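K.L.:
Have a look at this one.
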Amino acid sequence: MLPVVALVGRPNVGKSTLFNRLTRSRDALVADFPGLTRDRKYGQAKYEGLQFILVDTGGISGDEQGIDAEMAEQSLLAIDEANVVLFLVDARAGVTSADIGIANHLRKQNKKVYLVANKVDGIDGDSESAEFYSLALGDVLQIAAAHGRGVQQLLNTTLEPLAEAFPDMYVQDDKDTEQEEKDAEQMLAELQASPIKLAIVGKPNVGKSTLTNRILGEERVVVFDQPGTTRDSVFIPMQRDERDYILIDTAGVRRRRNINEAVEKFSIIKTLQAIEEANVVLLVIDAREGITDQDLSLLGFVLNAGRSIVLAVNKWDGLKQDAKDNIKRELDRRLGFIDFARLHFISALHGTGVGHLFESVQEAYASATNRVGTSMLTRIMDMAQQDHQPPMVRGRRVKMKYAHAGGYNPPVIVIHGNQVKDLSDSYKRYLMNYYRQSLKIMGTPIKIEFREGS
Ligand code: GDP
Ligand code: GDP
């Protein structure tokens, strides 16, 4: 579980600048999938050993027209559901009426809000920030997002209080090989001893509730009461083909006490958390709407989180052959870049194709947790190197020496050698595909890390 940080502020204060700085290092995986662009509204942030989910609420204009009306629904929900709210203001512009409007709104929420004065580069930060104390939101933290100044301090100050609740937010990057191999083994043992956590996600109205009910209806389900806030998904243990699963229900199906109770509001943060917590994600797409940007955003998030994935194109019932052909063409065109993910055409309403989903879920999970030893990984690396030599860098040939496993779900392959960090993206992609084909890895992204020297 990772904490959620929401960026709030009127336009032009530097929210996207900060967002980009904090999420840049997590772009590596997205770069492996030409065809995916990064979503600028939410992302996995990783910065100086800390990782968390970051949401740029953007939608706030701070207009006097009544801020509640102006805020996009998801922005309001995001503020409500976030663990930390960073309220950005522009130190150079001073307090504006829009800032006051937002501050008034935030003060009414029962939330820990940190006031952050951005753009303190080249000015006297202390004196320019002083007037923001009038917003009555406590201390003013100073940063220059464009230059990274104060950013680490800001994260330490705001995330440290969450250390106990979210131990996973600390990442350790530089482990030695021996430790890393041990950790990978330990990780695998834990995965194999646990049920498969399967999250059913998708934008509103694609049929998540219908599918969840369909899956649960066919099984003996043990449902237990799980009180929680709206941002928590419900975890439902179930069995299928003699395997234990935990269904992560983002649609809130089992929270409803009776059939007439309103369906829960779609919450992007709940969806992101569910993806983080899952082993395998079932991404539901609406055949009648085709692939939308929101589907692609969710897909990008799943891949970036390293989760296994199965795609379900729902509402396949009652479509004319023409329509089916068109949809298939569009899927080929827009989803061609993840040809390793199984695609199912289903009708959650009638149950058609639903059973087969689990074959792909199992396959994806098996790929993500398949133990491959050092000698095999090194042999495949050698073959790849022989078939297609790495290019020269600064007059020297890059030399890959050996490879070992660095983790599972997603499978992490660590390659050691000389100048390996200088390998081009296209060579890295070649290696990734080579491993994928040699090991027949389906349904999961692979992560390759490069280490200098032996
Ligand atoms: P947003 O609308 O809140 O997302 O704001 P942006 O991130 O787009 O930034 C608005 C403008 O402020 C851009 O021209 C940025 O280059 C500039 N900016 C952002 N951060 C800083 C900073 O730390 N110092 C300075 N001098 N300018 C900044
Ligand atoms: P959610 O918001 O993703 O949980 O979507 P719901 O499960 O509430 O479904 C939204 C609407 O689509 C409802 O009216 C469902 O009856 C309908 N629906 C769901 N699955 C199917 C399907 O397989 N075929 C058709 N034709 N309609 C479906």
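The values are calculated or read from the model by the stated rules, or taken from the named source; none is laboratory data. In this text, all values refer to a predicted model and were calculated from it rather than measured experimentally. Reconstructed Cβ throughout: ideal geometry from the backbone, glycine too, with neighbour counts over all protein chains shown.
K.L.:
Out of the residues in region 389-404 meeting the condition of being free of Cβ contacts under 8 Å to residues at least 24 places away in the same chain and in contact with a strand residue (DSSP E or B) (Cβ under 9 Å, 6 or more places away or on another chain), tell me which one is nearest to residue 213 (Cα to Cα).
P.N.:
By that ranking, first place goes to 400.
K.L.:
Turning to a different aspect of this structure: Inspect all residues belonging to region 186-203 and state whether any of them is over 30 Å from residue 251 (Cα atoms) and assigned to a loop (DSSP other than H, G, I, E, B).
P.N.:
The answer is no, given that none of the residues of region 186-203 is over 30 Å from residue 251 (Cα atoms) and assigned to a loop (DSSP other than H, G, I, E, B).
K.L.:
Read through the list (1) closer than 24 Å to residue 337 by Cα; (2) surrounded by 14 or more Cβ atoms within 10 Å (Cβ to Cβ); (3) touching a residue at least 60 places away in the same chain (Cβ under 8 Å), then give the number of the only condition that residue 425 fails.
P.N.:
Unmet for residue 425, out of (1) closer than 24 Å to residue 337 by Cα; (2) surrounded by 14 or more Cβ atoms within 10 Å (Cβ to Cβ); (3) touching a residue at least 60 places away in the same chain (Cβ under 8 Å): (2).
K.L.:
Of the residues that sit in region 72-120 and are charged (D, E, K, R) and closer than 26 Å to residue 148 by Cβ, which one is farthest from ligand 1 (Cβ to nearest atom)?
P.N.:
Within region 72-120, the match that is farthest from ligand 1 (Cβ to nearest atom) is 112.
K.L.:
A further question follows. Report yes if residue 373 is out of contact with any strand residue (DSSP E or B) (no Cβ under 6 Å at 6 or more places or on another chain) and within 16 Å of ligand 2 (Cβ to nearest atom), otherwise no.
P.N.:
When the stated conditions are applied, residue 373 does not pass them.
K.L.:
Counting only residues that are more than 30 Å from the chain's Cα centre (by Cα) and of a type in the set (A, V, I, L, M), which one in region 387-436 is nearest to residue 372 (Cα to Cα)?
P.N.:
Only one residue fits best here, namely 400.
K.L.:
If you don't mind, another one. I'm trying to understand the selection: among the residues of region 114-148, which are of a type in the set (D, E, K, R) and either surrounded by fewer than 20 Cβ atoms within 10 Å (Cβ to Cβ) or not in a loop (DSSP other than H, G, I, E, B) (or both)?
P.N.:
Selection gives 121, 124, 126, 128, 131, 139.
K.L.:
Also, I was wondering about something else. In this structure, is residue 89 at negative phi, modelled with pLDDT of 90 or more, surrounded by fewer than 18 Cβ atoms within 10 Å (Cβ to Cβ) and in contact with an Asp or Glu (Cβ under 6 Å, 6 or more places away or on another chain)?
P.N.:
So residue 89 fails the test.
K.L.:
For region 208-235: of the residues being modelled with pLDDT of 90 or more and of a type in the set (Val, Ile, Thr), which is farthest from ligand 1 (Cβ to nearest atom)?
P.N.:
Residue satisfying both the conditions and the ranking: 215.
K.L.:
Checking residue 408 against (1) farther than 20 Å from residue 197 by Cα; (2) crowded, with 17+ Cβ neighbours inside 10 Å, which single condition isn't satisfied?
P.N.:
(1)
K.L.:
Go through region 335-388 and give me each residue that's over 18 Å from residue 208 (Cβ atoms), in a helix (DSSP H, G or I) and among the hydroxyl-bearing types (Ser, Thr, Tyr).
P.N.:
Result: 365, 367, 374, 375, 378.
K.L.:
Continuing with this model, one more query. Under 6 Å by Cβ, and 6 or more places apart or on different chains, what pairs join a residue from region 1-20 that is among the polar types (S, T, N, Q) and part of a helix (DSSP H, G or I) with one that is at pLDDT 90 or above and within 8 Å of ligand 1 (Cβ to nearest atom)?
P.N.:
Filtered contacts from region 1-20: 17/145; 17/146.
K.L.:
I would also like to ask the following. Just to be sure before I move on: is residue 360 farther than 23 Å from residue 185 by Cα, among the polar types (S, T, N, Q) and surrounded by 18 or more Cβ atoms within 10 Å (Cβ to Cβ) in the structure I sent?
P.N.:
yes
K.L.:
Residue 54 - would you say it is within 16 Å of ligand 1 (Cβ to nearest atom), modelled with pLDDT of 80 or more and farther than 22 Å from residue 102 by Cα?
P.N.:
Taking the combined requirement at face value, the residue does not satisfy it.
K.L.:
Residues that are within 30 Å of residue 318 (Cα to Cα) and either modelled with pLDDT under 95 or of a type in the set (Asp, Glu) (or both): does region 374-386 have at least one?
P.N.:
No, region 374-386 contains no residue that is within 30 Å of residue 318 (Cα to Cα) and either modelled with pLDDT under 95 or of a type in the set (Asp, Glu) (or both).
K.L.:
Quick check, is residue 266 within 13 Å of ligand 2 (Cβ to nearest atom) and outside any helix (DSSP H, G or I)?
P.N.:
yes
K.L.:
Additional query: For residue 6, which of the numbered conditions (1) within 16 Å of ligand 2 (Cβ to nearest atom); (2) at pLDDT 90 or above fails to hold?
P.N.:
Only one criterion is unmet by residue 6, namely (1).
K.L.:
Taking region 284-308 as the region of interest, how many residues are of a type outside the set (S, T, N, Q), surrounded by 24 or more Cβ atoms within 10 Å (Cβ to Cβ) and part of a strand (DSSP E or B)?
P.N.:
Looking only at that region, the number is 2.
This table checks each residue for (1) at pLDDT 90 or above; (2) within 16 Å of ligand 2 (Cβ to nearest atom); (3) not aliphatic (A, V, I, L, M).
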position: 271; (1), (2), (3): yes, yes, yes
position: 281; (1), (2), (3): yes, yes, no
position: 313; (1), (2), (3): yes, yes, no
position: 320; (1), (2), (3): yes, yes, yes
position: 336; (1), (2), (3): no, no, yes
position: 348; (1), (2), (3): yes, yes, no
position: 352; (1), (2), (3): yes, yes, yes
position: 356; (1), (2), (3): yes, yes, yes
position: 360; (1), (2), (3): yes, no, yes
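K.L.:
Any residue in region 176-188 that is more than 16 Å from residue 453 (Cβ to Cβ) sitting within a Cβ distance under 9 Å of a residue that is basic (Lys, Arg)? List the pairs, counting only those 6 or more apart or interchain.
P.N.:
183/175; 184/371; 185/371; 188/371
K.L.:
Can you pull out every residue in region 121-158 that is touching a Ser or Thr at 6+ places or on another chain (Cβ under 7 Å) and within 12 Å of ligand 1 (Cβ to nearest atom)?
P.N.:
Those that are touching a Ser or Thr at 6+ places or on another chain (Cβ under 7 Å) and within 12 Å of ligand 1 (Cβ to nearest atom): 142, 145, 146.
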